[in-house]
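Working notes for the structure below.
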Amino acid sequence: MQLHVCASAAYARELGLPRTVDELSGHRCINVRTASGRVAEWEFKTGGVSQKTVPRALLTFNDPDLVLQSVLDGEGIAQLPAYQASVLLRERRLLACLAQYAPDDRGHYACYRMCKQLPPHVSVLLDYMTVRIRALDLSSSI
């Protein structure tokens, strides 16, 4: 799963886009609060080294869909997963920035009961989801 820092075209016209991770402090960032109550870190890779930061945000939501809608409304920028942003990036409803600092892809996880042999329907589902998620992530490359 890829992560993209995204903004609307309206936001980019009004305030520009950050060119470096350090420039995030000069932008209206939008954060997401996880189920545990902590604010999710933004992940980057600079000079081959992973780095995490929680940018100062004007808005923080506990719902990823609200984060996305706020970005689409031009309220600020956010780091979004490819499965949420890829179609909007292709449609140019969102613009991506800081691609040169994109972190390593994350994994997707499926939880199921351990058994000697996976039931055929679970195996088929996992194969299907693997193909679909990889296609979605690859199609969002910018």
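Every read-out reported here was derived from the displayed coordinates using simple, explicitly stated rules and does not represent laboratory data. Quick caveat, the model's predicted, so the values are computed rather than measured. Quick reminder, even Gly has a Cβ in these numbers, built from the backbone with ideal geometry, and neighbours come from all protein chains shown.
Taking amide H positions as modeled 1.01 Å from N, with prolines and chain starts lacking one, the residues under 5 Å from G74 and 5 or more places away or on another chain are S8. Sequence-ordered 3J(HN,Hα) estimates for segment 14-31 from the Karplus curve with 6.51, -1.76 and 1.60 and θ = phi - 60° stand at 6, 10, x, 10, x, 9, 9, 4, 4, 6, 4, 5, x, 10, 7, 8, 10, 9 Hz, glycine and proline given as x.
Taking a sphere under 13 Å around the Cβ of L66 and counting the other residues whose Cβ falls inside, with K and R at +1 and D and E at -1, yields a net charge of -3.
Of the beta bridges in the chain, as assigned by DSSP with both residues counted there, near 70 percent are antiparallel.
For segment 94-101, backbone phi angles converted through the Karplus equation (6.51, -1.76, 1.60; θ = phi - 60°) give residue-by-residue couplings of 10, 10, 9, 9, 6, 4, 5, 10 Hz, Gly and Pro being listed as x. Among the DSSP helices (H) of the chain, those spanning at least 15 angstrom by Cα along their long axis with an average Kyte-Doolittle hydropathy of -0.5 or more are 120-139; this is a geometric and hydropathy rule only. Backbone amide hydrogens, once placed in the peptide plane, bring V54 within less than 5 Å of W42, excluding anything fewer than 5 places away on its chain. Near the amide H of C29, within less than 5 Å, lie the amide hydrogens of L58, I77, all on another chain or at least 5 residues away, with H placed in the peptide plane.
What fraction, in whole percent, of alpha-carbon pairs in the chain exceed 25 Å separation?
Taking all Cα-Cα pairs of the chain, the fraction more than 25 Å apart is 32 percent.
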